[in-house]
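What follows is a single structure, written as structure tokens, with notes after it.
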Amino acid sequence: TILHHLYFIVKNMTKKILVIGISTSSHMNETLSAILMGYFTAHKTGEVTLVGSTPTGPQPKYYTLATFPWDRLNEYDVLVTLGPIKDPTSQIANLDELTTVHVQAITEFVRKGKGCVAIHLASVLFNEDFTKMLGGYFLTHPPILEFTIQVDDTHHPITKDIPSFTVVDELYVMDYNHNSIKILLSATYEG
């Protein structure tokens, strides 16, 4: 469902999608990378470029954080980020970390009106500017459990016509700035 609405965001305007944070060392990143690649390719939304550790499956364009031409970031329409990463394939310490320079490029990209979809570990507190851009950060999650996701904004194009639903997953507990974000979906855990 979420990936369907991620596709809705980009289907009419996206020619080039940049996915940062692909890593086969994480089950979540590997799964998301496969789904994103398959989904965008199947719907022919445009070119997909990958940045991070080598994912499984086809990879039309692939870079590490160190080799990606950051001065060309504005050529992309949407950035999908799976989290602050270190490239486990890198043999040199700290060569492929998401640095302050990368974060400045990403936050400027968003400031200019480009799209950013932050998934899963992207909300981990690792850089103040990035957290400010997202409007919040991850605190914790309980063990995997069943919970209900409430639709808080039934008029937004992403959540329109979606009823509340139940999932079994990690429920991320977040701290966020109420004045800087618009909540579309939410869930409650222990009050």
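Where a number appears in this text, it was derived from the coordinates with a stated rule and is not lab data. Remember, it's a predicted structure, so these values are computed and weren't measured experimentally. Here the Cβ is made from the backbone with ideal geometry for all residues, glycine too, and neighbour counts use every protein chain on show.
General remarks:
- Pairs spanning more than 18 Å between alpha-carbon atoms, out of Lys16/Lys114; Lys132/Lys182; Lys112/Lys132; Lys16/Lys160; Lys15/Lys132: Lys16/Lys160; Lys15/Lys132.
- In plain terms, the chain from Asp129 to Thr67 could stretch by 20.0 nm, reckoned as 0.36 nm per residue minus the Cα-Cα distance.
- The shape of segment 121-191 comes out oblate: with a ≥ b ≥ c from the C-alpha gyration tensor, a/c is at least 1.5 while a/b does not beat b/c.
- Calculated FRET value between His155 and Thr100, using beta carbons and R₀ = 41 Å, to 0.05: 0.65
- Thr140-Glu170 pseudo-label distance in nm [points 7 Å out on the Cα-to-Cβ vector]: 1.5
- Counted residue by residue at 0.36 nm each, then reduced by the alpha carbon distance between them, the extension gain from Leu184 to Val110 reaches 24.7 nm.
- For chymotrypsin sites (Phe, Trp or Tyr not before Pro), the sites in segment 105-191 that DSSP calls loop and that have at most 13 other Cβ atoms within 10 Å are Tyr189.
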